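Undergrad: Below are the structure tokens for one structure; questions will follow.
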Amino acid sequence: MKLAAVVVNWNGGDDTLAAIASLDGVPVVCVDNGSSDGSPDEIASRFPQVDLIRTGVNLGFAGGNNVGIRRALARGVDWVLLLNNDATAEPGLVAALESAAAERPDAGVLACAILGADGQTVQYAGASFRPKLGYSGRLETTARNSVHDVGRADGAAFAVSRAAIDRVGLLDESLFLYVEDVDWSLRIRDAGFAIVLVPGARVRHAGSSASGGSGSTTNLYYDTRNTIAVCERRAPLPRGARGLRRAVIVFAHLAQAARHPQRLAAARAVVDGWRDARAGRLGQRSSA
């Protein structure tokens, strides 16, 4: 396996520095996504071996990673590992990916097991997606020891093969942030590749740094909007059923908003996501 990693730097250089340091021995492409905290200079100073690309603008998760993926592929790799800047690789990750790639030549995605920052809580050990129901599937949080098929990867950490990228293309930049990992997983699976969880490829993930942390409502906006958009692309329904599915998605996200520290702002973000999905407004959220 010839592997390179892509890390996208948002504001928060300490997170990115830790992510890069955890990938010792792995060629890294770091895409600075228009940060304004001076972290790119520190990255360049601390890790001169890293291929640092400064976009000068926030391209979102999809756009920023696509810049890095293109650079990694140009270097001749056959697998690209995407690692969130608020995630760190646990020892043995690369060896586990190499073993899984040899064991499962049909795989287009090797999904990592995602742990919480404490290294004990399991955030992701597999998940499904049911577009007809508007349901992204309950996350599996009970780790299994063997490499096995799952419905979709989690964007915090997963590797994608050159063969799969050549077949289906890159991440969908119109989604900008959230659910693009689901969309890509499903497109890759549709193209005949397996989505495989590699339990030995473990990362610790803080979560939500790209969207402003736990106090932000950005994730609720994009998750609502993009879940509706991806469901409607993959499973078109008649008008009445489509409206019902949208309602299911909205109410599920409103239930999350009710537990948010800024409940009114969170609920407003969900409603805004629903409105923009109805209007077909994708890309980066308008500030208006």
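Undergrad: Could you please rank THR121, THR16, THR218, placing first whichever residue has the fewest other Cβ atoms within 10 Å of its Cβ?
TA: Values: THR121 12, THR16 28, THR218 16.
By the 10 Å Cβ count, ascending: THR121, THR218, THR16.
Undergrad: Another question, if that's okay. If one takes the longest principal axis of the Cα atoms in the chain, at what angle in degrees, from 0 to 90 and to the nearest 10, does the Cα axis of helix 239-257 lie?
TA: The helix 239-257 is inclined about 60 degrees to the chain.
Undergrad: Using 0.36 nm times the number of residues separating ARG233 and TYR135, minus their current alpha carbon distance, what extension gain do you get? Before the final figure, lay out each step's value.
TA: Details: separation 98, 0.36 × 98 = 35.28 nm, distance 1.41 nm.
In short, 33.9 nm is gained.
Undergrad: Does the range 142-197 come out rounded, prolate or oblate, given a ≥ b ≥ c as the square roots of the eigenvalues of its C-alpha gyration tensor, rounded meaning a/c under 1.5 and, failing that, prolate meaning a/b above b/c?
TA: Working: a/c = 2.23, a/b = 1.37, b/c = 1.63.
Verdict is oblate for the range 142-197.
Undergrad: On to the next question. Given a cut-off of 19 Å, what percent of all Cα-Cα pairs of the range 218-279 lie beyond it?
TA: Details: 460 of 1891 pairs.
Summing the P(r) tail past 19 Å for the range 218-279 gives 24 percent.
Undergrad: In nanometres, what is the gap between the two model label sites at ALA279 and PHE251, each 7 Å from Cα along Cα-to-Cβ?
TA: Between ALA279 and PHE251, the label points sit 2.6 nm apart.
Undergrad: Would you pull out the residues with amide H under 5 Å of GLY126's amide H, same chain only if 5 or more places away, H placed 1.01 Å from N?
TA: Answer set, sorted by chain and number: GLU140.
Undergrad: Compute the distance from the alpha-carbon center of the range 256-279 to that of the range 1-53, in whole Å.
TA: Using only Cα atoms to place each centre, the spacing works out to 32 Å.
Undergrad: Moving to a separate point now. Within 10 Å of each candidate Cβ there may be at most 11 other Cβ atoms; applying that plus a DSSP loop requirement, which trypsin sites (Lys or Arg not before Pro) in the range 237-269 survive?
TA: Numbers: sites: ARG239, ARG242, ARG245, ARG246, ARG259, ARG263, ARG268; in loops: ARG259.
For trypsin sites (Lys or Arg not before Pro) across the range 237-269 that sit outside H, G, I, E and B with at most 11 neighbouring Cβ atoms in 10 Å, the list reads ARG259.
Undergrad: Under a crude label model (7 Å from the Cα following the beta-carbon direction), how far is ASP24 from ALA102 in nanometres?
TA: According to this spin-label approximation, the distance is 2.3 nm.
Undergrad: Show me, for the range 271-277, the HN-Hα J-couplings you get by feeding each phi into the Karplus relation (A = 6.51, B = -1.76, C = 1.60, θ = phi - 60°), rounded to Hz, glycine and proline as x.
TA: 5, 4, x, 5, 4, 5, 4
Undergrad: Just subtract the alpha-carbon distance of ASP149 and SER45 from 0.36 nm times their residue separation and send over the number in nm, one decimal.
TA: Values: separation 104, 0.36 × 104 = 37.44 nm, distance 4.05 nm.
Here the answer is 33.4 nm.
Undergrad: Give me a comma-separated list of calculated 3J(HN,Hα) values for the range 23-31, in order, Karplus coefficients 6.51, -1.76, 1.60 applied at θ = phi - 60°, integers in Hz, x for any Gly or Pro.
TA: Going residue by residue, I get 9, 3, x, 9, x, 10, 9, 10, 9 Hz, with x marking Gly and Pro.
Undergrad: Is the range 86-245 rounded, prolate or oblate when judged by the Cα gyration tensor, a ≥ b ≥ c being the square roots of its eigenvalues, rounded requiring a/c under 1.5 and prolate requiring a/b larger than b/c?
TA: On the way: a/c = 1.87, a/b = 1.29, b/c = 1.45.
Because a/c hits 1.5 or more and a/b fails to exceed b/c, the range 86-245 counts as oblate.
Undergrad: May I pose another question? Calculate how steeply helix 93-103 sits against the longest principal axis of the alpha-carbon atoms of the chain, using the helix alpha-carbon long axis, and give the answer as 0 to 90 degrees to the nearest 10.
TA: Its long axis makes an angle of about 80 degrees.
Undergrad: Additional query: How large is the helix-only mean residue ellipticity at 222 nm for the chain, computed as the sum of -39500 (n - 2.57) over DSSP H runs with n ≥ 4, divided by its residue count, in deg cm²/dmol to the nearest 500?
TA: On the way: 9 runs with 114 residues, N = 288.
For the chain, the value works out to -12500 deg cm²/dmol.
Undergrad: Something else: Pairs of alpha-carbon atoms within less than 8 angstrom and 6+ residues apart define the contacts here; what relative contact order does the chain have, in percent?
TA: Values: 593 pairs, mean separation 54.4, N = 288.
19 percent.
Undergrad: Quick one: which residues, 5+ away or cross-chain, put their amide H under 5 Å from the amide H of ALA194? H built at 1.01 Å from N.
TA: ALA107, GLY108, VAL109
Undergrad: I'm spelling it out carefully: the read-out is semi-axes √(5λ) of the Cα gyration tensor in Å, the candidates are [x] 29, 23, 18; [y] 24, 22, 21; [z] 28, 26, 16, and one was derived from this structure. Which label?
TA: Entry [x].
No lab work stands behind these numbers, since they all come straight from the coordinates. Computed from a prediction, not measured in an experiment: that's the story for all the values here. Quick reminder, even Gly has a Cβ in these numbers, built from the backbone with ideal geometry, and neighbours come from all protein chains shown.
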